[in-house]
Amino acid sequence: MGLSRRWEGSYGRGGIGWKGALAVLVIVLWLTSLASLGFVSIAGWVCEGWASMAWVERGATLLLTAGILLTFVGGLARAASGRAALLALGVVLLILGGLFLAFAHITVLNDSPSRIKVIKLNAPIDTTSTRLVPLHTAYAYAVSMLQTATHTIYEDETYVYYDAGGHIIYNWVIEPEGFWNQISREPLGIVLVNGSAFPPKVYVIRKHMFWGLHRLLLNPFYVDNLWREVKLRAGLGVRVLMDCNTEVLYRGEPYILIPLATWVVGLTTSVPVPVGYAVVAPNGSIRVISLKEASSSPLFRGVPLVPDVIAREWVEIYRYHTGFWNVVLYHNTYTIRDVGTNPQPYLMTDDKGHLYWVFVAEPPGMTYSAKYIFYVNASNPEPHIMMYEMPNPVIGISKLASLIKQAHPTYDWGEFMVEEPMPIIVNGTLYWKVTVITRDGRGLVSIDLVDTRTNEVKSIKPNGTVTMADVIAYVTGKPVTPTNATGANTTIGAILQKIQELKQRIAQQEAELRKLYQELSTLEQMLEQLAKNQTKVTTTPKP
């Protein structure tokens, strides 16, 4: 009662009592719960931040937190002497904690590269790619196939993988658009785009799906979505990489695959690593599996187990292998520069079908030559980098646009743009492969290969259906002779042609079988009718 009277005396004159303050507190908590997905986003942010810190950073954070709490408590203390002491101690801890945290962070930047295994290569990996159509163009073709006003796809919510035929596949969920649709409608299915040929082939698969990336479920105390459901199952300290979601079609049903990551931390080191996947079934069930399970599942055929986000973070962490001050003061490092709308890395394969995330690195500052090509094995979850250092200066990908513009002086470069420069090996020669598209993404103007030895630009303008094999054959004028998994020399064009021939033969055989079955059915019916007639004749009584 005494506390209640003091509260009423202090706040009653201002028009609010303890009941009113309690009501305000309840309303604030309710609104916070709605905005934070039932406090899961707040708890997840705190737990992820703690999980990502090396132990020295955690100690500095605790010191800083203690300073904040003491300063807050000191401000509420009633006694002047106690208030001054608490405030002074709190400010001291804030200063010490801030300095310690800055020092700890620099130490972690210095030491974390030692946790990444670096393999130096004597030659670039013989990577290639059937990726002909860039993401921006694939999205433009995909969205033009949708005719539903309530749903759409979002360009940056896609991923890439290779299907069983070696084609690069872009993928999206057909999501409800706008808040009211998000709370009242389910996703309509998925869109898959085969980016290995131009014009790209677009497949709209309309299937029931309970969850999408944008669907919201309203509850009295919180808002639910797919991120929240995966977070609660995987763990608050586990990183849910929603931007790396992959949509696959398995046995006629669409599945969403969401990678999960955590951190391997030491006293002064912290490195992110993938730990598993969340598999979202069409009926809304969510199953968290390990990377070992994923590697043996048919759902993940052609899907990189290491997300591109993690691969890039490994490469960015290794930038500090020369030391923090060498990087900051002397620029003794490299930088990853992005060109166009789709940033590095790009998913490529070698001649044995192994998947790699491929980066091109340049010196920082005003130097634009390529210095390194980095490869990350997309099937190996251990932190690693394979590094090839250019023996001679070659033009970097950030300046390729200048060469392309010189090669095409008649293009209207206010309407055109250069997309997705990537390294490919053709008959032992390193080329930069780039694509020129219209700014709206709907037109593919040309595919250019830049010879890194001579800076010569060779290009092909699509006329009809074009594949990457056609481009290489046209540009080089020589057959492409990669070695397949059995060791036999083959040509990409011949393989694709053989596949097409086999498909045609299968279709012809199926048509012939249908004719044979129809003829067989007709003969069986005739035989049955003859048997009935014969029975009637033999059973007719004599007069």
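Put simply, the chain fits an ellipsoid with semi-axes of 54, 39, 21 Å; these come from the alpha carbon gyration tensor as the roots of five times its eigenvalues, largest first. One quarter of the convex hull surface built on the alpha carbon atoms of region 345-468 amounts to 9.5 nm², the projected area averaged over directions.
In this structure, the pairs whose alpha-carbon distance is over 29 Å, taken from Lys201/Lys515; Lys201/Lys461; Lys120/Lys352, are Lys201/Lys515. In loop segments of region 97-184 as defined by DSSP, the chymotrypsin sites (Phe, Trp or Tyr not before Pro) with at most 14 further C-beta atoms inside 10 Å of their C-beta are Tyr154. The HN-Hα couplings worked out from phi for region 258-275 by the Karplus form 6.51 cos²θ - 1.76 cosθ + 1.60 (θ = phi - 60°) are 10, x, 10, 9, 9, 10, 9, 10, x, 4, 10, 9, 7, 9, x, 9, x, 10 Hz, whole numbers, x standing for Gly and Pro. When shorter helices are ignored and each DSSP H run of at least 4 residues is given -39500 (n - 2.57), the per-residue value for the chain at 222 nm works out to -12500 deg cm²/dmol. Volume of the convex hull of region 173-227 (Cα atoms only), normalised per residue: 82 Å³. Per the Debye calculation on region 73-178 with a single equal scatterer at every Cα and no solvent contribution, log₁₀ I(q)/I(0) for q = 0.22 Å⁻¹ amounts to -1.13. Couplings 3J(HN,Hα) for region 88-97, derived from phi with the Karplus relation 6.51 cos²θ - 1.76 cosθ + 1.60 (θ = phi - 60°), are 5, 5, x, 5, 4, 5, 4, 5, 5, x Hz, where x marks Gly and Pro.
Sorting 205-217, 285-297 by average packing, meaning the other beta carbons within 10 Å per residue, from highest down gives 205-217, 285-297. Over all other residues within a Cβ to Cβ distance under 11 Å of Pro363, the charged ones net out to +1, with Lys and Arg as +1 and Asp and Glu as -1. Per residue, the accessible area of region 68-183 comes to 51 Å², computed with a 1.4 Å probe over protein heavy atoms only.
In loop segments of region 370-438 as defined by DSSP, the GluC sites (Glu not before Pro) with at most 12 further C-beta atoms inside 10 Å of their C-beta are Glu415.
In a DSSP loop and with at most 14 other Cβ atoms within 10 Å, the trypsin sites (Lys or Arg not before Pro) in region 45-150 are Arg78.
Less than 5 angstrom separates the built amide H of Lys371 from those of Ala361, Glu362, all sequence-distant by 5 or more or on a different chain. Could you tell me what percent of the accessible area of region 179-313 is made up of carbon and sulfur, with a 1.4 Å probe and every protein chain present? Here carbon and sulfur together make up 56 percent of the probe-accessible area. The average projected area of region 275-382, computed from the convex hull of its Cα atoms over all directions, is 9.3 nm².
The values are calculated or read from the model by the stated rules, or taken from the named source; none is laboratory data. A quick note: this is a predicted structure, and the numbers were derived from the prediction, not measured. Glycine also receives a Cβ, built like all others from the backbone with ideal geometry; neighbour counts cover every protein chain displayed. Protein only, heavy atoms only, side chains kept; ligands, DNA and RNA dropped before computing areas. Shrake-Rupley method; radii C 1.70, N 1.55, O 1.52, S 1.80 Å.
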